[in-house]
Amino acid sequence: MRSKVSLFLVAASVFATQAFAADTIKEMFTQGTIDGSLRYYLYDLKTKDAKDAGDSVFAAILGYKTAPLKGISLAGTFASANDVATSNTWDNYVMLQSSGENRHKSFTKLLEYYAQGEWFDTTIRYGAQQIYTPLMNMDYCRILPKTYSGLTLVNRSIKDLELHAYYIDGFSGWTDSGFYDIVKSVDSSAKDKPLLVGGARYNTQLGPVNLGAEGWYYHMNDVVDTGYLRTRFGKDIGDYHLYFMPSVMVQKSNGENLGGKFDTYEYGFETGVEAYGVKVQGFYAKTGPDAQFTPWGFGKIVMQQFLVSGWHGKQDAYGALVGYDLGRVGVPGLSTYIWYNRYEAPGSRSSEIDYNVQYELKKTFNSALDGLKFEVGYAMVDNAYSADQNELRVRMTYPFSMGGGGKN
């Protein structure tokens, strides 16, 4: 399952990782680290009485980060997305560029280029970078991530607490070759309206209970104000792990309403229990009068393969997931799940059932292949007032890293 919370926590820990320190400019560069990933994604969407859509893409992501010298480091990440025999009869599916008759055009881009400073328990980054907050993030639904440019600060002076502040003026979407004013992702004629974000994350252990909480506020003049709060309570009882994760988002357009006029919210929860390799999860989301405004990431309570909560105003979304880790029966790295949800709103009623199998190599053949992951997902969408849809997703990812030697 594509766990939103796991993604944010892992990303936050990467953001905080300390590299080996350098004593000279030469060591700064020779003791740097290289990381990246190789990916192959195939998306095939079939809609009754409509043209098929999809992309078959191989992508390479390669990043380099220097070792810190007196707290200062530099980093850059290059990415390339390449068409792999995509059918010319398919419409583009927002993993490759589209130009004229070429609906599946390969492209390259700089994902990241930033300078970073680390002093007094505070990490400061300036430049183009990936960001991991509920409503401004990499938005992993396609093969390359969304990225942002600006100034970011994360402070960890207080145990278990992170304080975040962001000034973001540039944006690059899934298939953009470069960066442009972030407000142009809302209105192509607008300019000079940065996205301002403040937030806090807290994770701690209170006796037998693991407690997590995060709160965020997003503001862009003449576009949107959004408040977001999520908490998570987890506890182990014998061999069982139980958790409950409620959240609420309140959102309103402001000023000239460049992104449209809306006044809405989403509240609900995700909950579940895991034991003996089996996990069972439940979901509920209630959306306010208008559809949610989320051009820079999701933050939705329900994020299935195809449908998500909040696409329609006055919507109720609810469902259940059952999964199993086949490592329990002698196949380490292999897992599967079935996930069903219903979405009901005035004039719109849909349901989706997802079937997913994934296999990650874990010292199965050769340690050099550790982390290689294969995933196949199939979604069946039943729409009451429009054509039904079926979507196949095949994904292969292989992360790698090297370097970072030298002195601590």
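The values are calculated or read from the model by the stated rules, or taken from the named source; none is laboratory data. Everything numeric in this text was worked out from a predicted model, so none of it was measured. In this analysis, Cβ positions are derived from the backbone assuming ideal geometry, glycine residues included, and neighbour counts consider all displayed protein chains. Heavy atoms of the whole protein, side chains included, go into the accessibility calculation; ligands, DNA and RNA do not. Shrake-Rupley method; radii C 1.70, N 1.55, O 1.52, S 1.80 Å.
Overview of results
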read-out: Subset of 146/184; 159/235; 48/105; 159/300 violating a 18 Å alpha-carbon distance limit; value: 159/235; 48/105; 159/300
read-out: Largest-first principal axis extents, alpha carbons of segment 326-402, Å; value: 53, 30, 17
read-out: Whole-angstrom gap from segment 248-300 to segment 159-187, using each part's C-alpha centre; value: 20 Å
read-out: Extent along principal axes [Cα atoms of segment 167-292; Å; largest to smallest]; value: 58, 33, 27
read-out: Label-point gap, in nm, between residue 70 and residue 235 - each point 7 angstrom along Cα→Cβ; value: 5.2 nm
read-out: Label-zone membership for segment 134-171, site residue 107, 7 angstrom Cα→C-beta point, backbone N under 20 Å; value: 137-150, 169-171
read-out: Counting all C-alpha pairs of segment 38-96, share separated by more than 15 Å (%); value: 60 percent
read-out: Extension gain from residue 242 to residue 126, taking 0.36 nm per residue of separation minus the Cα-Cα distance; value: 37.8 nm
read-out: Simple spin-label estimate for residue 204 and residue 351 in nanometres, 7 Å along Cα-Cβ; value: 4.4 nm
read-out: Note, ³J(HN,Hα) from phi for segment 369-382, Karplus 6.51, -1.76, 1.60, rounded to Hz, x at Gly and Pro; value: 9, 4, x, 5, 10, 10, 9, 10, x, 9, 10, 10, 10, 10
read-out: Share of alpha-carbon pairs per 10 Å distance bin for the chain, given as whole %; value: 4, 19, 30, 31, 13, 2, 0
read-out: Projected label distance in nm at residue 196 and residue 180, using a 7 Å step from Cα toward the beta-carbon; value: 2.5 nm
read-out: Cβ-placed point charges (K, R +1; D, E -1), dipole of segment 91-143 about Cα centre in debye, nearest 20; value: 200 debye
read-out: Using a Förster distance of 41 Å, the FRET efficiency for residue 386-residue 151 (Cβ separation, nearest 0.05); value: 0.40
read-out: Using a Förster distance of 60 Å, the FRET efficiency for residue 161-residue 48 (Cβ separation, nearest 0.05); value: 0.75
read-out: Theoretical gain in end-to-end length, residue 378 to residue 358 [0.36 nm per residue, Cα-Cα removed]; value: 6.0 nm
read-out: Residue-averaged 222 nm ellipticity for the chain, from DSSP H runs of 4+ at -39500 (n - 2.57), nearest 500; value: -1500 deg cm²/dmol
read-out: Candidate aspartates and glutamates for bridging to residue 314, where Cα separation is under 20 Å - those fewer than 8 sequence places away on the same chain excluded; value: 225, 263, 266, 270, 290, 344, 352, 382
read-out: Gaussian network model of the chain, springs between alpha carbon atoms under 10 Å - residue of 29, 269, 171 with greatest fluctuation; value: 29
read-out: Where a label projected 7 Å from the Cα of residue 344 along Cα→Cβ would reach, residues of segment 296-335 with amide N under 17 Å; value: 309-320
read-out: Residue order for 258, 45, 74 - accessible surface, 1.4 angstrom probe, largest first; value: 74, 258, 45
read-out: Fully extended contour minus Cα-Cα distance, from residue 331 to residue 219, at 0.36 nm per residue; value: 35.6 nm
read-out: For residue 203, net neighbour charge (Lys/Arg +1, Asp/Glu -1) across residues whose Cβ lies under 14 Å away; value: +2
read-out: Viscosity 1.002 mPa s, temperature 20 °C, Stokes-Einstein D of segment 138-213 from Kirkwood C-alpha radius, µm²/s; value: 146 µm²/s
read-out: Theoretical FRET efficiency, 1/(1+(r/R0)^6), r = Cβ-Cβ of residue 94 and residue 316, R0 25 Å, to 0.05; value: 0.35
read-out: At 1.306 mPa s and 10 °C, Stokes D of segment 255-394 from Kirkwood alpha-carbon radius, µm² per second; value: 93 µm²/s
read-out: Karplus (6.51, -1.76, 1.60) ³J(HN,Hα), θ = phi - 60°, over segment 248-260, in Hz, Gly and Pro reported as x; value: 8, 10, 10, 9, 8, 6, 9, x, 7, 6, 5, x, x
